[in-house]
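Engineer: Before we start, here is the structure in question, set down as structure tokens.
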2 protein chains.
Amino acid sequence: MPGEFDFIKWVQSQQPATTLVPVPAGDDLAVLNWPAADLLLVGVDQGPRRGSLRFRGPLPRQVGRKAMNRNLSDCAAMACLPAAAVATVAAPRGVGADYLRELYQGLRDAADPFGCQIVGGDTGSWAGRLVLTVTILGRSGGIKPLTRAGAKPGDAIYVTGPLGGSIRGRHMTFEPRVALARELATAFPLTTMIDLSDGLSRDLGHVCRASGVGAIVYADDVPVHADAVEVARDGRAPLEHALHDGEDYELLFTVTPPGPTAAATRVGVVTPEPGIWIEHAGGRREPLEPKGWEHAL
Amino acid sequence: MPGEFDFIKWVQSQQPATTLVPVPAGDDLAVLNWPAADLLLVGVDQGPRRGSLRFRGPLPRQVGRKAMNRNLSDCAAMACLPAAAVATVAAPRGVGADYLRELYQGLRDAADPFGCQIVGGDTGSWAGRLVLTVTILGRSGGIKPLTRAGAKPGDAIYVTGPLGGSIRGRHMTFEPRVALARELATAFPLTTMIDLSDGLSRDLGHVCRASGVGAIVYADDVPVHADAVEVARDGRAPLEHALHDGEDYELLFTVTPPGPTAAATRVGVVTPEPGIWIEHAGGRREPLEPKGWEHAL
């Protein structure tokens, strides 16, 4: 039975020293030379979602990949560059070293393309199910971070890809939109950005609340993913899935018009009065209630 | 039943904007103005320990306090200043908002005296037991971080307080030695430092391995806590408890001699050859095997 320290030793052997992280992981804390010009962005995301059953099915490498990609998607949402991460694993007892190594490889599969280093962590086992928590450090890298606050009436609302039905597989395999976020933030006067994890209806609500505005979404303009059509066999319309499913990990942003004509789709407009509406063909409007996921506590 | 977003809103209302954190928490990531002269230190510690039963007994406020203090103790171990933290809670379903607020207050009880801000987090519920994970960001603040590597043969080995029997209560109520660490690092040529979480025998092993050295510990010089005498009723000698129990959260450091004569106790000496020995009165030596806690995976 391998121990925690064997695993830590193995992890350390995977990590090269770099300019950002002169001392490899394995001390009480990792030491980073933070670039003086960069704002530091930090956030954390924990594995257990929707009652934790999520993690029973997929392979550990996929689980690791997704956990890191959720955090990289948060970096995209702020238009910052992923710089470093720390991760904790509470593993079901007896899960074995191979499982942990696969989990770690999954984290690396996602982080490596961004030059994002895993600089520390904490590994243990317990009687419960797997909990995999990733904390991400991002750097502004010359672009002012985009928050959820700042949308102005008249701003156009965009999304970066078709939505809905991610449960068919995309929720595990999505690519975080880091490069696209930074291209958009450089080329256009974006006012807010968020990644679509909770579903368009709920995530747009976050933006509107933080900005003190409302929004109209044009039903015919919402890009509906083929997966949403597929899952619509459950009786709910594809558009409903596109608006509420969540885990798309596309970006939603607001921009002073005119916004981009490629690379993203305009789906609505910011209004001065609070409230989010969906406008159907012919002009009929109804409230767009958030039906995306909220954790009951 | 309160939801995740109500709780996040409440947490946000607790957090003032500061120079370090101009934008309050609640976005995809928190944004920090990292001081240009400071190295950034980062580490993470997860709640479930020793099979997770630990968290059944104590009140949530104590649990929160301890989780933060473990991380603050890691800052002490590196002689850095706690700057900011992010925390995740996976709460047993139905635990209620009061429990979560108490947990958060416990985190704040520990962090506030150090001006350490909780800048973000992730809260959810699940079918499992409580998991509380804290990631800490420290800043060097004018003192070069002390790692576990750097002990030289002839260095004196010190600990900052009496050891053993922490299970009687100190493992929940300890005060992280941040100020003491920085005073010592300023006044003396320390070569390594670590906090005693796994037990002297194991933590000294971490230092020796990282430094490529060995050590002799003088049995008569190890400060034994009254709690170690109390728990010694189990048949193991108080010294055994002092050497192996762990969760003392005192500091162990090595220093080019002569070291301090107050504020810490000299317990041994660094040797060129690997191996850790305990030397009893009269000169008898035996190997000091690590018996502190290692997680089986």
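The values are calculated or read from the model by the stated rules, or taken from the named source; none is laboratory data. For clarity, every value in this text was computed on a predicted model and none was experimentally measured. As a convention, Cβ positions derive from the backbone with ideal geometry for all residues, glycine included, and neighbour counts pool all protein chains shown. Surface accessibility is based on the protein's heavy atoms, side chains included, excluding ligands, DNA and RNA. Shrake-Rupley method; radii C 1.70, N 1.55, O 1.52, S 1.80 Å.
Engineer: If you take the residues in the stretch B:143-168 that are within 14 Å of chain A (Cβ to nearest Cβ) and not charged (D, E, K, R), which one is most open to solvent (accessible area, probe 1.4 Å)?
Structural biologist: The selected residue is B:A149.
Engineer: Has the stretch B:219-231 got any residue that is closer than 30 Å to B:T186 by Cβ and part of a strand (DSSP E or B)?
Structural biologist: Looking through the stretch B:219-231, at least one residue is closer than 30 Å to B:T186 by Cβ and part of a strand (DSSP E or B).
Engineer: Would you mention how many residues in the stretch A:169-181 are charged (D, E, K, R) and in a loop (DSSP other than H, G, I, E, B)?
Structural biologist: 2
Engineer: Could you look through the stretch B:80-128, keep only residues that are closer than 25 Å to B:E250 by Cβ, more than 10 Å from chain A (Cβ to nearest Cβ) and aliphatic (A, V, I, L, M), and pick out the one that is most open to solvent (accessible area, probe 1.4 Å)?
Structural biologist: Among those residues, the one meeting the criterion is B:L81.
Engineer: Now for a separate question. Go through the stretch B:277-290 and give me each residue that's assigned to a strand (DSSP E or B) and open to solvent by 30 Å² or more (accessible area, probe 1.4 Å).
Structural biologist: Within the stretch B:277-290, B:W277, B:E279, B:R285, B:E286, B:P287 qualify.
Engineer: Got a number for residues in the stretch A:56-73 being open to solvent by 20 Å² or more (accessible area, probe 1.4 Å) and modelled with pLDDT of 95 or more?
Structural biologist: 2
Engineer: Oh, and also: Among the residues of the stretch B:182-202, how many are in a helix (DSSP H, G or I) and away from chain A (no Cβ under 14 Å)?
Structural biologist: Residues flagged as in a helix (DSSP H, G or I) and away from chain A (no Cβ under 14 Å) within the stretch B:182-202 amount to 6.
Engineer: Could you list all residues from the stretch A:3-55 that are under 30 Å from A:S197 (Cβ atoms), of a type in the set (D, E, K, R) and either open to solvent by 40 Å² or more (accessible area, probe 1.4 Å) or at pLDDT below 70 (or both)?
Structural biologist: Once the filter is applied, which keeps residues that are under 30 Å from A:S197 (Cβ atoms), of a type in the set (D, E, K, R) and either open to solvent by 40 Å² or more (accessible area, probe 1.4 Å) or at pLDDT below 70 (or both), the stretch A:3-55 yields A:R49, A:R50, A:R54.
Engineer: Only one residue in B:T135, B:T191 is buried (at least 24 other Cβ atoms within 10 Å of the Cβ) and hydroxyl-bearing (S, T, Y), so which one is that?
Structural biologist: B:T135
Engineer: In addition: May I ask you to list the residues in the stretch B:64-105 that are among the charged types (D, E, K, R) and under 26 Å from A:L41 (Cβ atoms)?
Structural biologist: B:R70, B:D74
Engineer: Against the condition away from chain B (no Cβ under 14 Å) and either among the polar types (S, T, N, Q) or under 15 Å from the mean Cα position of the chain (by Cα) (or both), how does A:E175 come out, does it pass?
Structural biologist: yes
Engineer: Return the total of residues in the stretch B:217-248 being under 18 Å from the mean Cα position of the chain (by Cα) and among the hydrophobic types (A, V, I, L, M, F, W, C).
Structural biologist: 2
Engineer: Kindly provide the set of residues from the stretch A:93-114 that are in contact (Cβ under 8 Å) with a residue 12 or more places away in the chain and out of contact with any helix residue (DSSP H, G or I) (no Cβ under 9 Å at 6 or more places or on another chain), ordered by number.
Structural biologist: A:G94, A:G96
Engineer: If you don't mind, another one. Is one or more of the residues making up the stretch A:240-247 within 18 Å of A:P162 (Cβ to Cβ), part of a strand (DSSP E or B), at pLDDT 95 or above and of a type outside the set (K, R)?
Structural biologist: Among the residues of the stretch A:240-247, not one is within 18 Å of A:P162 (Cβ to Cβ), part of a strand (DSSP E or B), at pLDDT 95 or above and of a type outside the set (K, R), which makes the answer no.
Engineer: Right, something else. Among (1) of a type in the set (S, T, Y); (2) closer than 10 Å to A:E250 by Cβ; (3) open to solvent by 20 Å² or more (accessible area, probe 1.4 Å), there is one condition A:T173 misses while meeting the rest; what is its number?
Structural biologist: That leaves (2) as the condition not met.
Engineer: Identify, by number, the condition in (1) open to solvent by less than 30 Å² (accessible area, probe 1.4 Å); (2) without any contact (Cβ under 8 Å) to a residue 24 or more places away in the chain that A:A262 doesn't meet.
Structural biologist: (1)
Engineer: If you scan the stretch A:176-188, which residues turn out to be among the hydrophobic types (A, V, I, L, M, F, W, C), open to solvent by 20 Å² or more (accessible area, probe 1.4 Å) and under 11 Å from A:L251 (Cα atoms)?
Structural biologist: Result: A:L180, single match.
Engineer: For the stretch B:131-148, check the following and say yes or no: at least one residue is of a type in the set (K, R) and over 26 Å from B:G205 (Cβ atoms).
Structural biologist: yes
Engineer: Next up: Looking at (1) at pLDDT 95 or above; (2) closer than 29 Å to A:G64 by Cα; (3) open to solvent by less than 60 Å² (accessible area, probe 1.4 Å), which one does A:V267 not meet, given that it meets all the others?
Structural biologist: Failed condition: (2).
Engineer: From A:G205, A:G138, grab the single residue that is assigned to a helix (DSSP H, G or I), at pLDDT 95 or above and within 14 Å of chain B (Cβ to nearest Cβ).
Structural biologist: From the options A:G205, A:G138, the qualifying one is A:G205.
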